[in-house]
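Below is one structure, written out as structure tokens, with a few remarks after it.
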Amino acid sequence: MTRFAMVIDTRTCIGCGDCVVACKTENNVPEGLNRDWVVEATSGTYPDLKTEFRSERCNHCSNPTCVTLCPTGASHLWKDTNIVLVEPEKCTGCKACIAACPYDARLVMHPDGYIDKCTFCHHRVEKGMDPACVSSCPTRCMHFGSLDDPSSEVSKLLKTREYKVLSPETGNEPNVYYLL
Amino acid sequence: MKEELLVTARGNELIDPSLHIWTWEVAMYLFLGGLTAGVMVFAALMTVLNKDEEAPFAAKRLALLAPLVLSAGMTTLFLDLEHKLFVYRFYTSFQITSPMSWGAWILVVIYPISIMQILSTFRSGYGFFAGFADRMTIGREILDFCERYRRQIAMVAIPFATALGIYTGILLSAFGARPFWNSGVLGPLFLVSGMSTAAALVALIARHHSEKALFTRIDLGLIVVEIALVALFLINLATGTGQQIDALQSVLGGPYTLVFWVLFVGIGLLIPLLLETLEITGVSKKLAMLAPILVLFGGYALRQIMLDAGQESSWTHYDTQYNSELLERLHEENP
Ligand code: SF4
Ligand code: SF4
């Protein structure tokens, strides 16, 4: 299985939201809905505050509970990778996968009644390109690639920098990494 | 302190500001599914234990309700689906890790078993309608067959109906992402609650005094077990992970406190417990009709409250709107 990962540098992200706009444009995300979003996390006590920006989306987990709990197989892994996709023709709109995602990342109910979500832009990945959000980032804080290849940019960043993933305790093994 | 704020508007209808994907349709389905399980178990038990005399309604007529109640439940479940044309997709695959998939297939097995259960007592329970069937050879043969194997059919019905009852709870507890549901006690709790509602239904509609009394006693026992399971459920969450302890607050001071303790525990469990005790001990029979109605109400309330409090519980909490309290939180000293 090829494990694709996104590595996002919280030190260079300025929270501009360009990734969100790029995704909406690239994927024709229905009005009012979003497949990715930016979080501003502030911690500390005034005046000693620390702010971190995180561009978040589906984590394309190695152990995706949204896939294991889908009753029809509509939620599936794309071509022996960790990219989680939904097949609209198999989706009943039962919403089990929305409840099954501990990251509340499986958010988009397409107006036509099936689940729509971040695809890691597999249609671009297939052509060797980066996902739209990664390509559009003006600070180049986002990186994408395969973790199986030790020479890939993402592998190197994770080897040399300190990082975290969101709530690793979920056991889902998320594949969106945040550099600290 | 720590605050997590969404800086790009997300506003995805079903999850912001908190997850709310399922409403009364699913609660009703869970309730009716549990009731069906209870109805089938009691009809079967009365057969296996030879209670035709003592409990004529439960032994001979009750089974008819199972497919009707279940169909009503499946209808409300269908109403909840967002992609209704593709409902057949439940039956084009079996997903071993998905309780919903198990449930879909259990239902396929439940229907024929329940129909055979009805036919096995159709002549004694619904003589008028059985007369029509008896006029045709095939009808006669089917009824003969089911009557001959009445006991065996009942023996098969018990484990499958039990599975149906437990599944309605497992369906929720399998969601590790929703800490409030993440307790193995939900399976047995929903089963016992389903059986209790079925016993209450028999106590409500059976005509014979002895049968009413028998099912009131059964229901009393089930309510006691259910109270114990509710306690175990609360203890389970209270001694669980941080997420579970957090989630539990929704019924210990949070938004669901009142409905949980007053509507479910008070009106749905404790008051019927009291009324049924008074009835059995012969102290007062005045409110005998009220107890089963409250039990049925409590059964539904349990599903609705569990469903609502559970889907809101989450691992992630963002403040999605500007909120002046956030500024104050920034000034707070670190705990
Ligand atoms: S983040 Fe959620 S939706 Fe994405 S793969 Fe993991 S469990 Fe599924
Ligand atoms: S809503 Fe669709 S993709 Fe999600 S669990 Fe149900 S059938 Fe699967």
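Table for the structure above
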{"read-out": "Alpha carbon centroid spacing (whole Å) that separates the range B:247-281 from the range A:83-105", "value": "35 Å"}
{"read-out": "Selected from B:Pro17, B:Tyr91, B:Thr137, residue furthest toward positive end of dipole (chain B; charges at beta carbon)", "value": "B:Thr137"}
{"read-out": "Peptide B:91-100 - average C-beta neighbours from other chains (10 Å radius)", "value": "5"}
{"read-out": "The range B:237-320 - percent relative contact order, Cα under 8 Å, separation 6 or more", "value": "32 percent"}
{"read-out": "FRET efficiency estimate (nearest 0.05) - Cβ-Cβ, A:Leu180 to B:Tyr126, R0 56 angstrom", "value": "0.20"}
{"read-out": "Extension reserve of the B:Arg217-B:Ile245 stretch, reckoned as 0.36 nm per residue once the Cα distance is removed", "value": "6.5 nm"}
{"read-out": "Under 18 Å from the Cα of B:Lys285 - lysines, other chains or at least 8 residues apart", "value": "B:Lys212"}
{"read-out": "Max mean-square fluctuation residue, GNM over chain A, Cα-Cα springs under 10 Å, options A:Ser136, A:Ser151, A:Ser62", "value": "A:Ser151"}
{"read-out": "Projected label distance in nm at A:Thr25 and B:Ser93, using a 7 Å step from Cα toward the beta-carbon", "value": "3.4 nm"}
{"read-out": "For the range A:4-179, the Rg and Dmax computed from alpha carbons only, in angstrom", "value": "16.1, 53"}
{"read-out": "Residue-by-residue Karplus 3J(HN,Hα) for the range A:4-10, coefficients 6.51, -1.76, 1.60, Hz, glycine and proline x", "value": "8, 9, 10, 10, 10, 8, 6"}
{"read-out": "Estimated FRET transfer efficiency (B:Val283, B:Val156; beta-carbon r; R0 45 Å; 0.05)", "value": "0.65"}
{"read-out": "Antiparallel content of DSSP bridges confined to the range A:4-179, in %, to 5", "value": "85 percent"}
{"read-out": "Among beta bridges that DSSP assigns inside the protein assembly as shown, antiparallel share in %, nearest 5", "value": "80 percent"}
{"read-out": "In degrees, nearest ten, helix A:18-27 long axis to first principal axis of chain A (Cα)", "value": "20 degrees"}
{"read-out": "Nearest-20 debye value, the protein assembly as shown charge dipole, Cβ charges on Lys, Arg, Asp, Glu", "value": "1620 debye"}
{"read-out": "Cα gyration tensor category, rounded, prolate or oblate, for the range B:19-313 with a/c compared to 1.5", "value": "oblate"}
{"read-out": "Dipole axis of the range A:28-180 (+1 Lys, Arg; -1 Asp, Glu on Cβ), positive-most option in A:Ala100, A:Val86, A:Leu158", "value": "A:Leu158"}
{"read-out": "Kirkwood hydrodynamic radius (C-alpha pairs) into Stokes-Einstein, the protein assembly as shown, 20 °C and 1.002 mPa s, D in µm²/s", "value": "84 µm²/s"}
{"read-out": "Span-like helix ranges in chain B, DSSP H, alpha carbon extent 30 angstrom or more, Kyte mean at least -0.5", "value": "B:24-48, B:99-120, B:150-173, B:209-238, B:290-312"}
{"read-out": "Listed residues B:Leu263, B:Leu5, A:Val39: farthest to the positive end of the dipole of the protein assembly as shown (Cβ charges)", "value": "B:Leu263"}
{"read-out": "Reach of A:Lys164 by Cα under 28 Å, taken over lysines that are not fewer than 8 positions away in the same chain", "value": "A:Lys24, A:Lys50, A:Lys79, A:Lys117, A:Lys156, B:Lys2"}
{"read-out": "Cα-centred dipole magnitude for the range A:35-145, charges only on beta-carbon of K, R (+1) and D, E (-1), debye, nearest 20", "value": "120 debye"}
{"read-out": "Size of charge dipole - the range B:19-313 - debye, nearest 20, with Cβ of Lys, Arg +1 and Asp, Glu -1, no other charges", "value": "600 debye"}
{"read-out": "Label-point separation, B:Asp52 to A:Thr139 (7 Å along Cα→Cβ), nm", "value": "8.1 nm"}
{"read-out": "Average partner coverage of B:169-176, which counts Cβ from other chains inside 10 Å", "value": "3"}
{"read-out": "Of the chymotrypsin sites (Phe, Trp or Tyr not before Pro) in the range B:57-135, those whose Cβ has at most 14 other Cβ within 10 Å and which sit in DSSP loop", "value": "B:Phe94"}
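None of the figures in this text is laboratory data; all of them are computed from the coordinates on show. Treat the numbers as computed from the prediction; the structure is a model and nothing was measured. A quick note on method: Cβ atoms are made from the backbone with ideal geometry, for glycine too, and the neighbour counts reach across all protein chains shown.
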